[in-house]
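Right, one structure below, let's go through it.
The values are calculated or read from the model by the stated rules, or taken from the named source; none is laboratory data. Computed from a predicted model, the values in this text were never measured in an experiment. Cβ sites come from the backbone with ideal geometry, for glycine too, and all protein chains shown count toward neighbours.
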Amino acid sequence: MTLRWTRRAALRAAALGAGTTLLPPGAARAQAAFPTRPVRMIVPFAAGGPTDVIARVVAEALGDRWKQPVVVENRAGGGTIVGTLAIARATGDGYTLGICTNPFVINPAVKERMPYDTGADFAAVGMLVTSPFVLVAGNGFGPNTLGELVADARRRGEPLAYASPGPGGAGHLAGALLQQRTGIAMEHVPYNGSAPALTDVLAGRVPVMFDLWSSVRPHVEAGRLKILAVAGDAPLPDAPQVPTIAATLPGFVSVAFQGVIAPAATPPALVEAISSDLRAVTASEGFRRQVVPLGVDPAPGTPAAFGAFLKGEMAKWRDVARAAKIVLD
């Protein structure tokens, strides 16, 4: 479907909160029809991973709506910084979009130097999916709830160890946040990836870790792991008996997310038009059928809502990293 922009449509988008002004005549003519050529979607991960798979589902659906190809371009490296920098440097004309995930909001918190300004060099387009982190333990770990874990940690003569897929990642910072909110002593044990970390938790070599529900669910259902608490903002639909951490520690939320961003110079009215089509895709039953088996939930949202989410996540993890003195070279 071809999007046709008129003066009235631009004004309406501004009234809805896009925060734009009328475009000069040349720019208005340039946006009269979008897109008129292929759009590229930069994914800051290698091909074949879960983020790439979801990005390709979105790209195909947008391409069908726009009658123009949406070409996925994988730019892995630097903990997503390579691909994200390519998005920041692209022309803001709507023809370059990008995928962002948790490192987008965590990297500025844990790195002293960044080649772009996460808060200023990008326009939020919309959320795609979310997936909660859960706090899990091996069956040999005595506590079965968050409260029991805290009580056990306070009785210990040494810090409670927790595993993560690597330093400066979501699992590391979730553990640091738990330590800060409860006052218990914890020791971070970093691994090179989620699989080896989970292997050692299963074997009882490290007591606990934060991991994605989609990753640990098979082990929980097989009785090899137990969930102590859910770090999402709501109970798990398929394990509603497990309480959230926020029920005990209000405001404690840690979720994995995937969303779409664009270069900051992209006109707000065009961002809103793209986001409108993106919401139509992510709210569709076809999209749900494709992504739910991957362990994620569709989360359609406006540019304003996604922008507020990103801003809040950046502030939260910056404060956690500073308090824990987490700094990566």
Taking the range 199-219 and keeping residues surrounded by fewer than 23 Cβ atoms within 10 Å (Cβ to Cβ) and either among the hydroxyl-bearing types (Ser, Thr, Tyr) or touching a helix residue (DSSP H, G or I) at 6+ places or on another chain (Cβ under 6 Å) (or both) leaves Thr199, Ser214, Ser215
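Going by the structure shown, is Asp93 out of contact with any Ser or Thr (no Cβ under 9 Å at 6 or more places or on another chain) and either crowded, with 18+ Cβ neighbours inside 10 Å or of a type in the set (D, E, K, R) (or both)? Spell out the reasoning first.
Numbers: out of contact with any Ser or Thr (no Cβ under 9 Å at 6 or more places or on another chain): no; either crowded, with 18+ Cβ neighbours inside 10 Å or of a type in the set (D, E, K, R) (or both): yes.
Considered against the rule, which asks whether it is out of contact with any Ser or Thr (no Cβ under 9 Å at 6 or more places or on another chain) and either crowded, with 18+ Cβ neighbours inside 10 Å or of a type in the set (D, E, K, R) (or both), Asp93 comes out as no.
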When (1) assigned to a helix (DSSP H, G or I); (2) assigned by TED's automatic domain parsing to the domain that holds Ala203 are applied to Asp319, the one that fails is (2)
Taking the range 235-268 and keeping only residues that are free of Cβ contacts under 8 Å to residues at least 60 places away in the same chain, among the small types (Gly, Ala, Ser) and assigned to a loop (DSSP other than H, G, I, E, B), one is left with Gly251
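Among what's in the range 138-161 and is in a loop (DSSP other than H, G, I, E, B) and within 17 Å of Ile245 (Cβ to Cβ), pick the residue that is nearest to the chain's Cα centre (by Cα). Don't jump to the end; show me each part of the working.
Initial filter on the range 138-161 (in a loop (DSSP other than H, G, I, E, B)): 139-145, 156-159.
Adding the requirement that they be within 17 Å of Ile245 (Cβ to Cβ) leaves 141, 143-145.
Working: Phe141: 30, Pro143: 30, Asn144: 28, Thr145: 26 Å.
So, considering only residues that are in a loop (DSSP other than H, G, I, E, B) and within 17 Å of Ile245 (Cβ to Cβ), the one nearest to the chain's Cα centre (by Cα) is Thr145.
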Among helices (runs of 4 or more DSSP H) entirely within the range 162-221, at least 3 residues that are over 27 Å from Lys111 (Cα atoms) occur in 194-202, 213-221
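Matching residues to (1) within 28 Å of Ala234 (Cβ to Cβ); (2) touching a residue at least 40 places away in the same chain (Cβ under 8 Å):
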site: Val53; (1), (2): yes, yes
site: Trp66; (1), (2): no, yes
site: Ile81; (1), (2): no, no
site: Pro103; (1), (2): yes, yes
site: Lys111; (1), (2): no, yes
site: Ser131; (1), (2): yes, yes
site: Gly138; (1), (2): yes, yes
site: Thr145; (1), (2): yes, yes
site: Val150; (1), (2): yes, no
TODO: Evaluate the following for Pro115: is it in the same structural domain as Ala203 (by TED's automatic domain parsing) and in a loop (DSSP other than H, G, I, E, B)?
DONE: no
Within the range 60-72, of all residues that are surrounded by 17 or more Cβ atoms within 10 Å (Cβ to Cβ) and of a type outside the set (Val, Ile, Thr), the one farthest from Thr36 (Cα to Cα) is Ala61
- Tell me, please, whether a residue that is in contact with a Pro (Cβ under 7 Å, 6 or more places away or on another chain), within 26 Å of Ser215 (Cα to Cα) and of a type in the set (A, V, I, L, M, F, W, C) can be found in the range 312-322. yes
